[in-house]
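Engineer: Before anything else, here's the structure in question.
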Amino acid sequence: MSCYNGKSKEELLAVIEALELELQDAREERVTQKESGFREKYAIRILDALTDMLVVFDYEGRLIEMLSRDDTNHVPDVPPAELANKLLQELVPAKEYARLKRTMQKVITTGKPAVGEHSLMLGDKLHYFEHTISPLDDGYLLCVCRDISKRVRAYKELETLKYAMSNAKEGILAVKMDGQLYFANDRFIAEYKLLGDVKNYNIRELLDQDTVILWNNMVSDVRREHSKMRYLIPKPEKESESGTYEVFANILLNEAGEEVLWCFVRDVSLRIKQQSEIARLNMLFNEILDNVPIYLFVKDVSNDHRYLYWNRAFAEHSGVAAKDAIGRNDYELFLDKTMMDRFYGEDLEALEKGRIEYEEETMTASGEKRMMVTSKIVIYPETDHPYIVGLSWDTTEIRKAEKKLIEARIKAEEADKLKSSFLANMSHEIRTPLNAIVGFSKLAIEAKEEEEKWGYIDIVDKNSNLLLHLFNDILDLSAIESDSLTLSPRPVILQEMCSDQFERHRHTTQYGVKLMLDEVDQEVWITTDWDRLGQVISNLLNNAIKFTQKGEIHFGFERKDEAIQFYVKDTGIGISANKIATIFQRFGKVNNFVQGTGLGLALSRMLVEKMGGRIWARSKQGEGTTFYFTLPFDQTI
């Protein structure tokens with residue numbers, strides 16, 4: 001403050017005035033800095049936010065700067081970083097460059113912005129662009145390029161739709177709720193001889209009094225149902241010929257939100273006339289054809305394959321009356337679309353070949369399956385379109401007779417083969433244990449050592465049991481095949497059955513193999529034959545023991561819905577894929593070097609089926625096999 005001491009009042013006022021001016025300059029400078037800072041802060045971000053491509057060219061078309069982000073680059077096959085100093089002529093096709101050049105010349109000449117359009121291939125799709133070119137300083141132009149592909153395609157689709165509607169064979173019109181015409185295509189305008197703007201007409205002026213009533217009713221129906229509806233209305237009296245129009249009507253909203261009734265009008269006079277004539281002919285021949293013992297129908301190919309005739313026999317077979325079938329096609333008659341597609345495909349094949357014939361299984365109206373032979377024949381009467389005549393006849397009884405003959409022949413051939421096979425196998429299967437019994441009996445008699453003698457006796461005993469088991473299997477097979485085997489059902493506690501089989505077999509496994517009865521429900525019981533169930537489980541356990549040299553053999557059962565499922569699982573040699581299909585056949589053997597009759601699994605299958613169940617196996621060679629069989633969960637006593 002000392003610097004102001006001694007100054008006069010005038011001098012101090014001058015100092016204050018100078019300070020105020022300095023303060024005002026400082027404030028203006030801060031505002032300018034603030035505005036400049038906003039531009040520096042947001043200008044780039046604003047440019048980056050734009051979806052348009054912004055570039056600066058000189059008057060020669062050389063790219064000076066891209067002002068937008070890289071992903072808005074519309075120049076194909078050139079990275080944004082390489083665009084600088086490129087000539088526009090080098091970047092786009094010649095045709096599109098010419099369009100851009102014309103716009104540039106216009107801007108250069110007038111000094112005002114100009115708008116143009118061009119298109120480019122981006123990837124595999126053609127894109128349309130709108131370019132706005134504006135002058136900058138002398139020598140430079142700013143080009144804003146915007147992708148308008150969606151708009152152009154929508155416009156083209158609209159033009160295509162307009163063209164299609166204007167040139168449609170059907171009359172198309174749109175009518176406001178007060179009756180004023182909103183749109184009419186060329187066909188409708190020509191038929192009703194409208195002049196000038198169609199919006200000058202009211203639909204009620206174009207119709208006779210009776211048809212106006214029908215029209216009002218139609219409008220009320222469509223508004224009430226809110227759905228597309230079909231109507232038949234007579235041609236107006238002013239028409240040169242009487243006839244019928246088919247009208248499909250639906251209400252839509254226009255761009256102003258007003259209800260507009262869109263109508264598609266088709267002249268169906270000829271079609272209805274044809275249908276009437278055909279109906280008359282049907283009445284003439286109906287009595288004759290209804291008494292023919294075949295199913296007969298006729299389809300009009302030109303009328304969406306609709307039925308023209310449907311005789312009484314076909315009606316009884318299908319459950320569809322002739323009055324409900326005539327005038328409708330398969331898709332309108334039946335519910336199974338897959339089957340209807342097949343019918344339509346057969347019609348097309350008949351049209352291509354002239355005639356086809358095929359056999360198929362069908363279901364009658366009563367639910368009975370029948371075999372039918374159908375022949376479809378294409379005929380060409382004097383009209384300009386074909387008809388399909390269908391003839392079907394029932395071959396069920398013939399096929400049954402043929403099947404019985406074939407089955408009898410096959411059974412006779414199989415019986416002859418089985419007899420030869422049976423004798424060959426039995427001679428081998430019986431000879432093997434008999435030879436062992438005879439041979440080792442002699443050795444037992446001649447043996448001097450007691451241990452040696454009992455070893456021979458044990459072999460004789462095992463082969464005697466094998467021979468006895470073979471004869472029992474043969475007798476059981478014979479009884480089952482002759483249907484003389486009877487079951488003795490009684491309540492069987494399954495845990496007791498499995499425990500009994502466990503005790504019988506646990507000491508018969510090979511060395512190092514452990515037989516295990518898995519944990520099962522001790523309370524489950526069913527009504528079945530104890531002995532036959534035990535025979536099946538025993539056969540499966542014997543089979544597992546025979547082919548399992550190490551590991552474990554598990555067996556048990558579990559409840560599966562309305563059945564009991566038993567299983568025997570081993571870690572044996574397994575069964576190859578080409579063998580597993582034959583193991584349940586008689587003398588079907590996995591390993592011919594392992595002793596056994598080959599009847600056990602076949603007998604097990606027959607016993608299981610006799611008791612109302614089924615049997616199967618799952619196996620992987622080298623890893624083991626699991627046999628399954630089921631019996632009904634029957635607790636009746």
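The values are calculated or read from the model by the stated rules, or taken from the named source; none is laboratory data. Please read all numbers here as calculations on a predicted model, not as lab measurements. Counting neighbours? That spans all protein chains shown, and the Cβs are built from the backbone with ideal geometry, glycine included. Please note that ligands, DNA and RNA were not included when accessible areas were found on the heavy atoms of the full protein model with its side chains. Shrake-Rupley method; radii C 1.70, N 1.55, O 1.52, S 1.80 Å.
Engineer: For the stretch 244-264, what are the residues that are at pLDDT 80 or above, not acidic (Asp, Glu) and not in a strand (DSSP E or B)?
Structural biologist: 257
Engineer: For the stretch 265-302: of the residues being hydroxyl-bearing (Ser, Thr, Tyr) and assigned to a helix (DSSP H, G or I), which is least open to solvent (accessible area, probe 1.4 Å)? Show your work before the answer.
Structural biologist: Within the stretch 265-302, the subset hydroxyl-bearing (Ser, Thr, Tyr) is 269, 276, 295, 302.
If we keep only those that are assigned to a helix (DSSP H, G or I) as well, we get 269, 276, 302.
Details: 269: 26, 276: 69, 302: 70 Å².
Per the stated criteria, the residue is 269.
Engineer: Can you confirm whether the stretch 200-214 contains a residue that is within 19 Å of residue 253 (Cβ to Cβ) and either among the hydroxyl-bearing types (Ser, Thr, Tyr) or open to solvent by 40 Å² or more (accessible area, probe 1.4 Å) (or both)?
Structural biologist: Scanning the stretch 200-214 turns up no residue that is within 19 Å of residue 253 (Cβ to Cβ) and either among the hydroxyl-bearing types (Ser, Thr, Tyr) or open to solvent by 40 Å² or more (accessible area, probe 1.4 Å) (or both).
Engineer: Filtering the stretch 146-186 down to residues that are among the charged types (D, E, K, R) and in contact with a helix residue (DSSP H, G or I) (Cβ under 8 Å, 6 or more places away or on another chain), which residue is surrounded by the most Cβ atoms within 10 Å (Cβ to Cβ)?
Structural biologist: For the stretch 146-186, the residue satisfying everything is 170.
Engineer: Just to be sure before I move on: is residue 280 free of Cβ contacts under 8 Å to residues at least 40 places away in the same chain and out of contact with any Lys or Arg (no Cβ under 7 Å at 6 or more places or on another chain) in the structure I sent?
Structural biologist: Values: free of Cβ contacts under 8 Å to residues at least 40 places away in the same chain: yes; out of contact with any Lys or Arg (no Cβ under 7 Å at 6 or more places or on another chain): yes.
It is true that residue 280 is free of Cβ contacts under 8 Å to residues at least 40 places away in the same chain and out of contact with any Lys or Arg (no Cβ under 7 Å at 6 or more places or on another chain).
Engineer: I've got another one for you. Between a first residue in the stretch 489-500 that is under 10 Å from residue 534 (Cβ atoms) and a second residue that is part of a helix (DSSP H, G or I) and among the hydroxyl-bearing types (Ser, Thr, Tyr), which pairs have beta carbons less than 7 Å apart while being 6 or more apart in sequence or on different chains?
Structural biologist: none
Engineer: Also: Among the residues of the stretch 613-630, write down those that are of a type outside the set (Gly, Ala, Ser), in a strand (DSSP E or B) and either open to solvent by 10 Å² or more (accessible area, probe 1.4 Å) or within 9 Å of residue 572 (Cα to Cα) (or both). Before you say what the answer is, go through the steps one by one.
Structural biologist: Pass one, the stretch 613-630, residues of a type outside the set (Gly, Ala, Ser): 614-616, 618, 620-621, 623, 625-630.
With in a strand (DSSP E or B) added as a condition, the list becomes 614-616, 618, 620, 625-630.
Within the stretch 613-630, 614, 615, 616, 618, 620, 625, 626, 628, 630 meet the criteria.
Engineer: Take the conditions in contact with a Gly (Cβ under 8 Å, 6 or more places away or on another chain), surrounded by 13 or more Cβ atoms within 10 Å (Cβ to Cβ) and of a type outside the set (Ser, Thr, Tyr) and apply them to residue 250. Does it pass?
Structural biologist: Working: in contact with a Gly (Cβ under 8 Å, 6 or more places away or on another chain): no; surrounded by 13 or more Cβ atoms within 10 Å (Cβ to Cβ): yes; of a type outside the set (Ser, Thr, Tyr): yes.
It is false that residue 250 is in contact with a Gly (Cβ under 8 Å, 6 or more places away or on another chain), surrounded by 13 or more Cβ atoms within 10 Å (Cβ to Cβ) and of a type outside the set (Ser, Thr, Tyr).
Engineer: Also: Does the stretch 399-412 contain any residue that is part of a helix (DSSP H, G or I), open to solvent by less than 100 Å² (accessible area, probe 1.4 Å) and at pLDDT below 80?
Structural biologist: Taking every residue of the stretch 399-412 in turn, at least one turns out to be part of a helix (DSSP H, G or I), open to solvent by less than 100 Å² (accessible area, probe 1.4 Å) and at pLDDT below 80.
Engineer: Hey, another quick one. Considering only the stretch 303-313, state which residues are in a helix (DSSP H, G or I) and open to solvent by 30 Å² or more (accessible area, probe 1.4 Å). Write out each step before concluding.
Structural biologist: Let us first name the residues in the stretch 303-313 that are in a helix (DSSP H, G or I), namely 303, 312-313.
Once the filter is applied, which keeps residues that are in a helix (DSSP H, G or I) and open to solvent by 30 Å² or more (accessible area, probe 1.4 Å), the stretch 303-313 yields only 312.
Engineer: Need pairs with beta-carbon distance below 6 Å; first residue within 17 Å of residue 151 (Cα to Cα) and within the stretch 110-139, second in a strand (DSSP E or B) and open to solvent by 90 Å² or more (accessible area, probe 1.4 Å); sequence gap 6+ or separate chains.
Structural biologist: From the stretch 110-139, the pairs are 130/117; 130/146; 132/115.
Engineer: What residue, among those in the stretch 320-349 that are part of a loop (DSSP other than H, G, I, E, B) and surrounded by 13 or more Cβ atoms within 10 Å (Cβ to Cβ), is nearest to the chain's Cα centre (by Cα)? First the steps, then the outcome.
Structural biologist: Taking the stretch 320-349 and keeping what is part of a loop (DSSP other than H, G, I, E, B), we get 320-321, 327-329, 334-336.
Still in the running and surrounded by 13 or more Cβ atoms within 10 Å (Cβ to Cβ): 320, 327-329, 334.
Numbers: 320: 30, 327: 31, 328: 28, 329: 25, 334: 21 Å.
Step by step, filter the stretch 320-349, then rank; the result is 334.
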